[in-house]
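*Asks:* Below are the structure tokens for one structure; questions will follow.
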Amino acid sequence: MSERRKVHIKSYGCQMNVYDSNRMADTLAPHGYVETPTPDDADLIILNTCHIREKAADKVYSELGRLRKMRLQSADPDRPVTIAVAGCVAQAEGEEILRRAPSVDLVFGPQNYHRLPDFLTRVGNGAKVVETEFPIEDKFGQLGAPSRKAIRARGVSAFVTIQEGCDKFCTFCVVPYTRGAENSRPVAAIADDVARLTDAGVREVSLIGQNVNAFHGDGPDGKPWSLGRLIEHIAAMPGIARIRYTTSHPRDVDDSLIAAHRDIPALMPQLHLPVQSGSDRILAAMNRRHTRADYLAYLARLRRARPDMSFTSDFIVGFPGETEADFADTLSLMDEADITCAFSFKYSPRPGTPAAEMHDQVDETIKSERLGRLQRVIDRHQTDFNLSCRGRTLDVLFEKIGRHPGQITGKSPYLQPVQVLAPASLIGTVRRVTITDLSTNSLHGRLAERADGSHPEPHIESHAESHAMPPVQRPDRVATGG
Ligand code: SF4
């Protein structure tokens, strides 16, 4: 495979899939593949699918129908197009995909990405390939590493997978079945990835995993390390300005993680901590293994450790058996926990999960009505946040050129996009910005320091602010994780 070929990878769903798509591209690069942003000129099309959203498989099949038509219209016998389906739908559907969509050549699950070049060789020899096993070899050790050029092209912020899979078995969730058991990477391998990224100019790493704070990778001392200890290790590495992690489970918020939030300024004061419901009865039916009081206690401890923490969450409404009183508990938790923003979904059954078999399913009309009510509360919280931003001075990591001439754009500690008129030379640096205005999706501000780092006005530490800063946008999300 020496000639240049083009691969188009379409990612559905979460950050984890975006990261996996990048690693697939990195693995294919030494085999002559370059990425293309459209499927039209691709020799290889990979749909990296997500099973979280409702009707996920149906959406994949309809996309495959479009690709089949496209392939028929541009049929060139000298340039065959390979169509592959990866990700959680591939894992869940397996052979069924080939039966329903015969134009597909390759189906492979998330634990097999490192074997992609081998699969393509087999497809090139005329085989149809389905691989949804959980092989015992180390996937991460065998995935291709990104080139310096590829890292630079992806910007100053990067994901690093530190953990995969989940052992929690929430009754609504497919992740334990599609991604398998919890599996943490060794600390040394993660540190190598981080060093490669910072060497190429990355300043912010987001540590990701379906249940990221269950991390227990082998440390250099031969003992399992917690996420808090890993963060401490990474924060000491040269070039690191910011660390984030997602997605977490409340049960795995331990002392070392709380200490990390207290002691490590590079660890951002924003945490996505899914709760799913405010009702203890529903939390038990979901097998969440924590109560409403537990959740509030975790948030209180984190706020004591770092007073400027901001929390975002996930909610499922209309879980089987949810009464109006249970739902009222969810609404009140939004206020009591002072959650700044949240993802909210109507419950929809996932085949093979215990909740799908529960008898007391909630009527769709009721689910829709409750979702609307919850989203109005979430919007109110977001609006309050937005209004509280004006006049504050925040650290901003500048990431790229803005849409308007002379503008650059970055992120606040709370993942808010911030637009500033400033020189492009500040991209990749963290600067103090005073927020002067708001628009629908962004904050706007001016530098509170000169481009050379000197201060035209008093330096105000955002860390000392006592009120949690809300994100304007909902945070990014990893699968149903946490
Ligand atoms: S919701 Fe999160 S914690 Fe629960 S089973 Fe799914 S991935 Fe695991």
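All of the numbers you see were taken from the coordinates with simple rules; none came from a lab. These numbers come from a predicted model, not from an experiment. Because the Cβ atoms are built from the backbone with ideal geometry, glycine has one as well, and the counts that use them run over all protein chains shown.
*Asks:* Just to confirm my numbers, what's the Cα centroid distance between the stretch 393-447 and the stretch 18-49 in Å?
*Replies:* 31
*Asks:* Could you check the spin-label model distance between residue 38 and residue 100? Points 7 Å from the Cα along Cα→Cβ, value in nm.
*Replies:* Placing both labels 7 Å beyond Cα along the Cβ direction yields 2.9 nm.
*Asks:* A further question follows. Would you mind checking the pairs 10/55; 168/223; 346/411 and listing those with alpha carbons more than 25 angstrom apart?
*Replies:* 346/411
*Asks:* Sort the stretch 101-206 into rounded, prolate or oblate with this rule: let a ≥ b ≥ c be the square roots of the eigenvalues of the Cα gyration tensor; rounded if a/c is under 1.5, and if a/c is not under 1.5, prolate when a/b is larger than b/c, oblate otherwise.
*Replies:* Note, shape of the stretch 101-206 comes out oblate.
*Asks:* Sticking with this one: Quick one: compute the contact order of the stretch 222-290, relative version, from alpha carbon pairs under 8 angstrom and 6+ residues apart, as a percent.
*Replies:* 34
*Asks:* Let's test the formula: R0 of 30 Å, r as the Cβ-Cβ distance of residue 79 and residue 55. What FRET efficiency results, to the nearest 0.05?
*Replies:* 0.35
*Asks:* How big is the stretch 279-349 along each principal axis, measuring the range of its Cα positions in Å and listing the largest first?
*Replies:* Answer, in whole Å and largest first: 37, 21, 20 Å.
*Asks:* Return the tail of the calculated pair distribution for the stretch 156-202, meaning the percent of Cα-Cα pairs more than 15 Å apart.
*Replies:* Summing the P(r) of the stretch 156-202 above 15 Å gives 55 percent of all pairs.
*Asks:* Using only alpha carbon positions, build the gyration tensor of the stretch 3-123, then give the equivalent ellipsoid semi-axes as the square roots of 5 times its eigenvalues, largest first, whole angstrom.
*Replies:* Computed over the stretch 3-123, the values are 20, 18, 13 Å.
*Asks:* Report, by chain and number, residues whose modeled amide H sits under 5 Å from the one on residue 159, excluding near sequence neighbours (fewer than 5 apart, same chain).
*Replies:* The answer is 206.
*Asks:* If you don't mind, there's one more thing I want to ask. Please go through the stretch 323-431 and write out the trypsin sites (Lys or Arg not before Pro) that DSSP classes as loop and that have at most 16 other C-beta atoms within 10 Å.
*Replies:* Qualifying residues, ordered by number: 390, 403.
*Asks:* Over 5 Å intervals from 0, what percent of Cα-Cα pairs in the stretch 230-296 sits in each interval?
*Replies:* Computed distribution, short to long bins: 3, 15, 24, 19, 13, 11, 8, 5, 2, 0.
*Asks:* Let me ask something else. Scanning the chain for helices, which whole DSSP H stretches are 15 Å or more long along the axis (Cα) and average 0.0 or more by Kyte-Doolittle?
*Replies:* Going by DSSP H runs, the hits are 187-199.
*Asks:* With N set to the number of residues, divide the alpha-carbon radius of gyration of the stretch 279-399 by 2.2 N^0.38 Å and report two decimals.
*Replies:* 1.22
*Asks:* So what is the diffusion coefficient of the chain in µm² per second by Stokes-Einstein at 25 °C and 0.890 mPa s, using a Kirkwood Rh over Cα pairs?
*Replies:* D = 104 µm²/s.
*Asks:* May I pose another question? Check the chain for me: any Cys whose beta-carbon has no other cysteine beta-carbon within less than 4.7 Å?
*Replies:* Result for the chain is 14, 50, 88, 166, 341, 389, no neighbouring Cys Cβ within the cutoff.
*Asks:* Could you list log10 I(q)/I(0) for the stretch 340-422 at q = 0.22 Å⁻¹, which the Debye formula gives when each Cα is one point scatterer?
*Replies:* -1.04
*Asks:* Another question, if that's okay. Taking only C-alpha pairs under 8 Å that are 6+ residues apart, what is the relative contact order of the chain in percent?
*Replies:* In percent, rounded to a whole number, it is 12.
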